[in-house]
1. If you stretched the chain out fully between residue A:192 and residue A:289, how much longer would it get, using 0.36 nm times the residue separation minus the C-alpha to C-alpha distance?
2. Using the alpha carbons of segment A:125-175, what is the convex hull volume per residue in cubic angstrom, as a whole number?
3. At 222 nm, what helix-only mean residue ellipticity would chain A give, in deg cm²/dmol to the nearest 500, using -39500 (n - 2.57) for each DSSP H run of four or more?
4. Report Rg/Rh for segment B:4-74, rounded to two decimals, where Rg is the Cα radius of gyration and Rh the Kirkwood radius.
5. Based on the Cβ-Cβ distance of residue B:148 and residue A:47, what FRET efficiency does E = 1/(1 + (r/R0)^6) give at R0 = 41 Å, to the nearest 0.05?
6. What area, in nm² and to one decimal, does the C-alpha convex hull of segment B:69-186 cast on average over all directions?
7. Quick one: helix A:396-423 against the long Cα principal axis of chain A, what's the angle to the nearest 10°, folded into 0 to 90?
8. Modelling each spin label as a point 7 Å along the Cα-to-Cβ direction, I'd like the residue A:177/residue A:79 distance in nm, to one decimal.
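Values in this text are rule-based calculations from the coordinates and carry no lab data. Predicted, not measured: the structure shown is a model, and the values here were computed from it. Positions of Cβ are generated from backbone atoms using ideal geometry, with glycine treated the same way; all protein chains shown enter the neighbour counts.
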Ligand SMILES: Nc1ncnc2c1ncn2[C@@H]1O[C@H](COP(=O)(O)OP(=O)(O)O)[C@@H](O)[C@H]1O
Ligand SMILES: [Mg+2]
């Protein structure tokens with residue numbers, strides 16, 4: 001029997017009992033649909049994270065926080081007047097403990113750390129343009145970690161952390177509000193920032209707009225360089241209180257060619273930090289947390305899809321066993337006419353593969369259709385704040401992989417019935433009444 | 001016989017075949033030897049359950065004997081590989097069974113093409129040969145009909161067309177008229193014997209129909225798995241004539 005004849009017969013046989021085949025295909029459809037969506041979700045999120053990391057991370061900084069104390073067995077910790085202070089406010093970036101100047105010194109002393117800058121949270125009350133017709137004041141939040149990464153720029157340049165003058169990077173939606181023509185127009189303009197000092201006095205300062213950035217998962221709010229942060233933080237520091245920091249940024253020196261920071265460098269500094277009871281995180285690590293959570297959700301959804309596929313595979317076995325039963329005589333006849341056991345096996349297992357292909361291809365197509373619709377609705381609505389995020393990314397290769405995997409499952413389900421058909425003795429089949 | 005006998009196309013030597021094991025063991029054939037000459041028609045007759053079908057299945061290489069051997073053109077096929085036996089059946093044998101075994105949903109043409117599909121003949125060639133065979137059996141106009149829509153006699157003619165389409169030199173027919181009324185049965189018999197004579201096909205017919213057996217060149221009678229009688233049709237006519 002020719003290969004093309006095996007394929008056409010298998011396809012025709014699959015449709016001989018239309019209702020039965022349709023039901024089996026439907027159960028595969030559910031699995032394929034879900035699996036295609038979950039892989040697309042995974043691909044969408046990890047694509048976004050990868051792009052963000054690529055565009056935002058300078059790769060040579062570590063965000064250092066005090067190691068979270070998890071030790072609950074030894075009772076209350078003894079007071080140490082030179083020890084770390086406890087924060088009075090919850091800080092999402094670090095634990096409740098704050099770092100002191102000793103900690104900064106020990107970070108700076110670590111091999112592979114170039115310099116260390118504490119991140120000082122500042123609060124700005126408003127921003128206004130100094131040189132356009134609009135003088136409305138807008139609220140502005142400054143991203144405390146703006147110094148560790150690069151911004152995803154629409155226009156302009158990154159902050160110069162070592163510059164003397166005060167610099168800011170504005171979020172994209174302030175361009176219109178502050179009366180600039182476009183993002184490019186905002187670059188180089190001066191803005192006025194209003195904030196309250198430690199003594200509740202109202203103060204203002206000026207800064208230059210060096211860049212306009214897109215909002216991202218990692219950083220929302222405006223970016224301020226070290227000069228501006230120091231100025232405001234100094235004014236907001238409560239006099240007489242010792243310096244304490246929730247977060248510090250360690251700038252690393254690289255051992256790689258051209259002074260690039262290698263993974264080993266980062267790992268080495270992390271170990272040294274851990275010894276000093278501190279924890280270091282890269283931008284990737286921070287985004288990795290988000291990715292881990294999403295991967296967990298995707299994993300659960302995929303597990304459901306796989307359960308559906310396992311159920312479907314029993315459906316295939318059942319369908320084909322019935323098909324073998326019904327076609328006992330036909331099998332016997334073909335064998336009497338000289339068809340080999342291998343071809344009979346091929347005929348039935350291919351029938352399973354055809355069913356698998358139908359279910360998976362239809363499921364994947366439906367998933368792409370529905371998913372693209374969801375994706376564009378989500379991008380316009382709830383996810384509008386995260387430009388660059390395609391919630392569901394249908395990569396042709398992974399869609400093909402899902403289809404291939406389901407066809408493989410179908411083939412494996414077909415093995416038992418197909419073997420039964422192949423082993424049938426022609427005489428027994430022809431005696432069948 | 002004045003001429004030296006032609007080499008037998010099929011020879012069976014001391015065939016035995018039993019079904020089941022232990023207490024349930026049943027010896028369906030208990031040592032059967034026979035020779036079938038090229039171009040002759042042989043009837044295997046006997047009561048129901050005597051072992052006729054079992055013998056035919058062994059001769060047609062659809063089954064293997066417990067002991068004894070089957071030779072085709074003097075070659076022992078017991079040692080042949082499964083693919084070789086499959087090829088032999090596909091290329092040289094044609095089958096007509098008691099039941100039609102037509103695939104109901106397929107057309108007459110598709111049913112008749114089956115041995116060619118198994119053989120791996122190209123679709124165009126398949127169609128040409130199947131149509132030619134149907135034409136020879138007066139079924140050309142039914143080629144596109146569903147097998148299910150035919151009468152019993154037409155169905156059996158389709159079955160014969162299917163047995164002929166690969167141009168076999170041996171046709172095995174197990175109770176070919178068992179399912180047909182007398183008139184249709186006669187038509188089918190005429191067809192089979194006509195083909196046997198025209199094309200020089202060797203015909204092995206299993207039957208318990210006395211009339212059908214009488215039309216064959218030779219008959220062997222089986223009872224309880226053993227050959228109990230062997231006779232030429234001509235001889236039996238003579239002996240009947242002499243007895244009258
Ligand atoms: N697969 C089988 N299992 C058990 N007994 C069988 C089987 N096939 C045939 N027999 C028995 O072998 C004997 C001969 O069967 P068969 O050759 O079909 O007889 P016939 O064709 O002459 O009616 C019968 O008694 C039948 O019951
Ligand atoms: Mg029988």
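1. Details: separation 97, 0.36 × 97 = 34.92 nm, distance 3.59 nm.
Value of the extension gain: 31.3 nm.
2. Working: hull volume 5.5 nm³, N = 51.
Per-residue hull volume (Cα only) is 108 Å³.
3. Working: 12 runs with 219 residues, N = 433.
Result for chain A, helices only: -17000 deg cm²/dmol.
4. On the way: Rg = 13.0 Å, Rh = 12.9 Å.
Ratio of gyration radius to Kirkwood radius for segment B:4-74: 1.01.
5. Details: r = 56 Å, r/R0 = 1.38.
Working from the Cβ atoms, E equals 0.15.
6. Numbers: hull surface 32.5 nm².
Over all viewing directions, segment B:69-186 projects a mean Cα-hull area of 8.1 nm².
7. 30
8. Computed distance between label sites residue A:177 and residue A:79 equals 4.5 nm.
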